[in-house]
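Encoded as C-alpha cells, the structure appears first; notes follow it.
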Amino acid sequence: MYYYRRKTNPWKWVIILIIIIAFGFLIYWFYANYFSQIDINQPDDQIEQPVKADLTEKLLVSLGFIKGDVLMSLDGQAYELAVQDKVLHQGDKIKTGQDGLAVLNLENGSIIRLGQNTELILASLLTDKVIINQTQGRSYFNLQDSNNFQINSLDLIVRNLNNKFELITNSEVPFIAALNFTGQPIVEIHDDQGLILARRLADKQKALIDFNKEIDNKLTIEEFKPNDLIKEDWYQWNFDLDENIGQPIENKNIEQEDEEPDFSTTDQSLELAADLKQSGVSLSWSIYHADDFKNYKIIRSKNNNNLKYPDNAEIKSSLSQGLNSYLDQSIETGEKYYYRVCVIKTSDKVVCGNVVNLLIPEDEAEAEQEDIIDNEAPAAPNLAASISIGGISLTWNKNTESDFKQYIVLRSIAKTNPSYPVDQFATTSNPNLADSSVNITSVGNYYYQVCSIDQSDNYACSNIINVENGQIK
C-alpha cells in the first residue's frame with residue numbers, strides 16, 4: 001500500500017512570520033510613546049498639573065464722592081477722616097455721620113451710594129464674589145456685572161442682585177427694608193441653623209423684614225412706586241445721578257449748603273402776632289424748633305418797618321426755646337410800634353420772622369374795647385411718639401385752659417417743618433392720636449406736629465417729631 005504525502009505551502013509560514021513581527025513592532029511603539037514616559041515613583045505633587053485661572057483677583061474700590069461727616073477704616077485700623085479718591089481694599093470699612101454722604105465706585109463699573117448714619121464693610125472683593133456687609137443705615141446700589149454680588153445685613157442675605165437696589169437697616173429695632181427697582185434678587189433670612197426663609201422680588205417690590213416676628217410673619221412683600229419717592233432728597237439725588245453715570249458729581253447734583261448769611265428770614269417758624277391788652281401789647285409766636293437755637297431776641301421800633309437784630313434794640317431776650325409769648329408793658333399812647341422775633345443760632349447767625357405793627361390809641365375806652373378780643377395763644381403742647389408694626393402713637397400733655405377748643409395734628413412728607421393749617425392731618429379733642437399708615441416698615445421721612453387751638457382760634461404748636469425709615473429720630 002502506498003501513501004500520498006501532501007507538500008506544505010511555503011507562503012503560509014512567511015505570512016505567519018510577518019504577523020508576528022508586526023505585532024512585536026506595535027508593542028514596542030506603545031511602550032516608547034506612553035509607558036516609558038510615566039515615572040511610577042514620582043510623587044503626585046511633582047506631576048505637572050493643568051494651569052488653572054487665578055480666582056484670587058480682587059476688585060479695587062475708590063471713594064468717588066464724600067460730603068459731610070465720612071470716616072474710613074483701612075487694614076483693620078481705627079476710623080479716620082475719609083479722603084476723596086482714596087482706594088479701598090477688601091476688609092476696609094466706610095461710615096457716614098448725621099450729615100454724611102459717600103459714593104463708592106467699583107472697578108467693574110458698579111456704584112454704591114451711602115446715606116446718612118450708614119456703615120459698610122467690604123467683606124469680599126473677589127472678581128467672582130463681591131460681598132458687602134451693611135451694619136446700619138441705608139445704601140443705594142447701581143450694579144454692573146452683578147451676578148456675583150451679595151449684600152449681608154443682620155440675618156439677611158440678598159443674592160442675584162441686578163441693577164438698582166436699596167437696603168435700609170434699622171439695627172435698633174431690628175428691621176430691614178429692601179427696595180428692588182429692577183431685576184429679580186433673592187432675599188434670604190437665616191438663623192443659627194442656616195436658611196429659614198427665601199423669596200424672589202420682582203421689579204418695584206420691597207421686602208420688609210421684622211426680626212422680632214415669628215417665622216410666618218417675619219417677611220412682608222409689598223409693591224411700591226418709585227415716583228412717590230422723589231419727594232425725598234435722597235431718592236431725587238440718586239435718580240439724578242443714575243441719569244448722569246460717568247460724569248463727575250457736581251454740587252448741582254445734590255443740595256450743598258452755601259455759606260450761611262449773617263441775617264435771614266423764615267416763614268417756617270417765628271410767626272408773630274400782636275394784640276393790644278389793657279396792660280400792654282401781647283406778643284405770641286410759633287416756636288423755633290431747629291437744633292441750632294441759642295436764644296430769642298424780641299426787638300421793637302417806632303419808625304423802622306424792617307427792623308433787624310442787632311440794628312434795633314431788644315426789649316426781651318430769652319434762652320428758653322419753648323417760650324412763645326411776651327407782654328410789652330413799656331408802651332405809650334398815640335405811638336405806633338413795630339415788632340419782630342429773632343433767633344440767635346449757635347453759629348451766631350440771626351434768623352427773624354415776620355414784622356407786625358400796632359398803633360396804641362389815645363382813647364382809653366377804645367383800648368378797653370380792644371381788650372375784650374382774645375388774641376392770646378394757648379400753651380404749646382409737648383409732643384412725644386412711639387412706633388411699632390401697628391403704626392405710630394402720638395401723645396402730648398393735655399390743655400387745661402378754660403377756652404380750649406381742640407387739637408390739630410399736622411403731618412408733612414416734603415417739608416421738615418409742617419405748617420398750620422396747610423399740613424392738617426387730623427383733628428381731635430384727646431391728647432393722643434394713632435396713625436396706622438406709618439410704622440416700622442415705612443420708607444422715607446414723615447414729620448408730625450400738634451397744635452392747640454382755643455375758642456378764638458388762637459393756636460400754639462408743639463415740637464416736631466421726625467420718623468425716618470420707620471425709626472423715630
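Read the figures in this text as sums done on the coordinates, not as results from a lab. Please read these numbers as outputs of a predicted model, since none were measured by experiment. Cβ placement follows ideal geometry from the backbone for every residue including glycine, while neighbour counts extend to all protein chains displayed.
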How far apart, in nm, are two points set 7 Å out from the Cα along the Cα-to-Cβ line at D262 and at Q116?
-> 2.9 nm
Which parts of region 287-331 would a label at A379 reach, counting a residue when its backbone N lies under 17 Å from a point 7 Å out along Cα-to-Cβ?
-> 287, 321-326
Net charge near G64, counting Lys/Arg +1 and Asp/Glu -1 over other residues with Cβ under 11 Å of its Cβ?
-> +1
In region 148-221, GluC sites (Glu not before Pro) in a DSSP loop with at most 15 other beta-carbon atoms within 10 Å | E172, E214
Fully extended, how many nm does the chain gain between A290 and N217 (0.36 nm per residue separation, minus their Cα-Cα distance)?
-> 22.4 nm
Under the 7 Å Cα-to-Cβ spin-label approximation, T127 and L26 lie apart by a distance in nanometres of 4.9 nm
Linear extension gain, Y79 paired with N304, 0.36 nm per residue minus alpha-carbon span | 75.7 nm
To the nearest 0.05, the calculated FRET efficiency linking R200 and S429 through their beta-carbon distance, R0 being 45 Å, is 0.40
